1. Looking only at Cα atoms, what is the convex hull volume of the chain per residue, in Å³?
2. Report, please, the projected area of the range 126-208 averaged over directions, based on the convex hull of its C-alpha atoms, in nm².
3. Which Rg and Dmax, in Å, describe the Cα atoms of the range 113-267?
4. Calculate the radius of gyration of the Cα atoms of the range 3-117 to one decimal place, then report Dmax, the largest Cα-Cα distance, as a whole number, both in Å.
5. Loop sites only, by DSSP: take the trypsin sites (Lys or Arg not before Pro) in the chain that have at most 15 other C-beta atoms within 10 Å and name the longest stretch containing none of them.
6. Provide the per-residue ³J(HN,Hα) series for the range 208-217, in order, calculated from phi with Karplus coefficients 6.51, -1.76, 1.60 and θ = phi - 60°, each as a whole number of Hz, with x at glycine and proline positions.
7. Please give the solvent-accessible surface of residue 143 in Å², to the nearest 10, using a probe radius of 1.4 Å with every protein chain present.
8. Among 97, 12, 183, which one shows the highest mean-square fluctuation when the chain is modelled as a Gaussian network with alpha-carbon springs under 10 Å?
Amino acid sequence: MAEGNASVAALGFGRTMRRDLWWLQPLLTAAGLGAFVVYATWAAFQGRDYHFGNYLSPFYSPELFGPSPHAWFGPLPFALPAWLPFSPALLILWAPGGFRMTCYYYRGAYYKAFWADPPSCTVGEPRAVYRGEAAFPLILQNVHRYFLYLALVFLFFLAHDVWKALWFTDPVTGVVSFGIGVGTLVLAANVTLLGGYTLGCHSLRHLVGGNLDQLSRAPARFTAYRCVGCFNRRHMLWAWMSLFGVAFSDLYVRLCSMGIWTDWRLF
């Protein structure tokens with residue numbers, strides 16, 4: 001396929017004949033994504049208050065090395081310089097973060113919100129040449145399909161965290177018993193929202209059947225394609241709900257760990 005740069009008619013940044021509030025959506029998008037990035041970055045660097053009993057913050061799951069009882073391999077086996085911060089979240093957040101960063105929906109959202117590329121339909125842009133994603137660094141967005149594979153694995157880790165959140169240890173007798181707390185429901189809702197977002201991924205839809213010329217000849221893949229399509233039709237909604245769902249899950253575990261919130265046992 002031939003490649004080249006396409007010239008864009010110079011309307012002047014922000015110029016348009018539209019009379020609606022076209023700037024509202026990119027503004028709200030920038031505020032929402034910006035708030036999440038600030039909170040997630042702060043939470044990831046804390047390195048504490050990320051677990052409470054049988055609850056583990058999704059920002060820190062799976063915990064490979066760390067001081068909590070949830071760590072797979074115990075404390076970090078070597079000492080780091082005092083000036084170098086360490087948090088268990090920093091070892092794993094690149095995977096789900098990369099999945100969202102390269103997501104087809106999020107790319108369109110933050111291109112408009114932060115780069116004004118374009119600010120909105122039929123609104124002037126602050127550039128004169130369109131290069132798309134055919135050149136560095138945006139060509140790296142094509143790794144999205146590989147981040148999808150990692151995101152699917154993370155769903156199993158988070159689902160296992162929900163299973164662990166069903167078993168409570170009596171602090172006096174040490175007896176482990178089945179139960180449901182508010183935190184259990186919070187973590188379960190988080191996995192549900194993340195599942196709806198991940199299983200509606202455009203790359204997954206292509207993987208299960210989008211690369212076939214005749215889906216009718218592969219009934220199993222056709223069924224899978226339709227299932228992924230059901231989630232994909234509301235991909236934007238799943239993206240936003242799961243984004244704030246995972247942030248709230250971390251906040252809930254963190255505030256319970258700090259003693260600010262009480263985790264009520266429902267069963």
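1. Spread over its residues, the Cα hull of the chain gives 202 Å³ apiece.
2. Reported value for the Cα convex hull: 9.3 nm².
3. Rg and Dmax of the range 113-267, Cα atoms, are 21.1, 71 Å.
4. 20.4, 62
5. My reading of the result: 132-232 is the longest stretch.
6. My calculation for the range 208-217 gives 7, x, x, 8, 8, 7, 10, 5, 5, 7 Hz in order.
7. Solvent-accessible area, nearest 10 Å²: 60 Å².
8. Judging by the Gaussian network model, the answer is 12.
The values are calculated or read from the model by the stated rules, or taken from the named source; none is laboratory data. Just so you know, these numbers come straight off a predicted model, no measurement behind them. Using ideal geometry, Cβ is built from the backbone for each residue, glycine included, and neighbour counts are taken over all protein chains shown. To get the accessible areas, we keep the full protein, side chains included, count just its heavy atoms, and leave off ligands, DNA and RNA. Shrake-Rupley method; radii C 1.70, N 1.55, O 1.52, S 1.80 Å.
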